[in-house]
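What follows is one structure encoded as structure tokens, with my remarks underneath.
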Amino acid sequence: MNIRTVVVAALAGAVAVLSGCIFVAKTERSGRAYSKNSLAIQLETNEQVPGIRERRQDDLARLNPGISVGEFRKAFPDAIYIESRRVNGREWDAYSVTHSELCQYEGTTNTFTYKDELWFFFQDGAYRGFGSPKQWPTDATEPAPQSP
């Protein structure tokens, strides 16, 4: 490769960038391109986006009070440890499961990202229930598990 080729390539790149061109690096060999709208799940006008409770109903049904963190992780391998707290001398741990999805209502061009999150609470290493993020128990009693 000679110096002339390098200079021409550099100038062409500079002109393209200055004119507003965007270079896209692809690793996919198929050459297919997808628009954001084609990747979004399509919803009818009044349809609710299914959240974790709906999408993971079978996994939630497998959770029984008292199961270990290891058993919980079999149902929810994507759970992330959040933090521990002491409440009335008892150790509580919280794990988070999140779900996000690109959505679009039929007849519109707008897309949005739907996000849902549940926290799962363990007292002294045993499962006690799940709820909204940061919905910590206020005393040593266990939080009421919410039905799937």
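Could you grab me the full set of residues in region 74-92 that are touching a strand residue (DSSP E or B) at 6+ places or on another chain (Cβ under 8 Å) and either aliphatic (A, V, I, L, M) or surrounded by 14 or more Cβ atoms within 10 Å (Cβ to Cβ) (or both)?
Kept after step one, since they are touching a strand residue (DSSP E or B) at 6+ places or on another chain (Cβ under 8 Å), are these residues of region 74-92: 76, 78-86, 90-92.
Scanning region 74-92 gives Phe76, Ala79, Ile80, Ile82, Arg90, Trp92.
Count, please, the residues in region 59-73 that happen to be surrounded by 12 or more Cβ atoms within 10 Å (Cβ to Cβ), without any contact (Cβ under 8 Å) to a residue 60 or more places away in the chain and not hydroxyl-bearing (Ser, Thr, Tyr).
The qualifying residues number 6.
Condition first: basic (Lys, Arg) and assigned to a loop (DSSP other than H, G, I, E, B). Now tell me which residues in region 46-95 satisfy that.
Pass one, region 46-95, residues basic (Lys, Arg): 53, 55-56, 62, 73-74, 85-86, 90.
If the condition is that a residue be basic (Lys, Arg) and assigned to a loop (DSSP other than H, G, I, E, B), then Arg56, Arg62 are the ones that fit.
Output the qualifying pairs, or none if there are none: Cβ atoms under 9 angstrom, residues six or more apart or on different chains, first residue in region 127-146 and under 14 Å from Val87 (Cα atoms) and of a type in the set (Phe, Trp, Tyr), second residue modelled with pLDDT under 90 and not in a loop (DSSP other than H, G, I, E, B).
Pairs that qualify, where the first residue is under 14 Å from Val87 (Cα atoms) and of a type in the set (Phe, Trp, Tyr) and the partner is modelled with pLDDT under 90 and not in a loop (DSSP other than H, G, I, E, B), are Trp136/Val87.
Residue-by-condition table, conditions (1) modelled with pLDDT under 80; (2) over 15 Å from the mean Cα position of the chain (by Cα); (3) among the hydroxyl-bearing types (Ser, Thr, Tyr):
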residue: Met1; (1), (2), (3): yes, yes, no
residue: Ala33; (1), (2), (3): yes, yes, no
residue: Arg62; (1), (2), (3): no, yes, no
residue: Asn88; (1), (2), (3): no, yes, no
residue: Thr98; (1), (2), (3): no, no, yes
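Give the residues of region 111-135 that are among the hydrophobic types (A, V, I, L, M, F, W, C), closer than 30 Å to Glu47 by Cα and in contact with a Phe, Trp or Tyr (Cβ under 7 Å, 6 or more places away or on another chain), sorted by residue number. Full working, then the answer.
At the first step, the residues of region 111-135 found to be among the hydrophobic types (A, V, I, L, M, F, W, C) are 112, 118-122, 126, 130.
With the extra rule that they be closer than 30 Å to Glu47 by Cα, the set shrinks to 112, 118-120, 130.
Leu118, Trp119, Phe120, Phe130 - these are the residues of region 111-135 that are among the hydrophobic types (A, V, I, L, M, F, W, C), closer than 30 Å to Glu47 by Cα and in contact with a Phe, Trp or Tyr (Cβ under 7 Å, 6 or more places away or on another chain).
The values are calculated or read from the model by the stated rules, or taken from the named source; none is laboratory data. Since the structure is predicted, the reported quantities are computational estimates derived from the model, not experimental observations. Please note: Cβ atoms are built from the backbone with ideal geometry, for glycine as well, and neighbour counts cover all protein chains shown.
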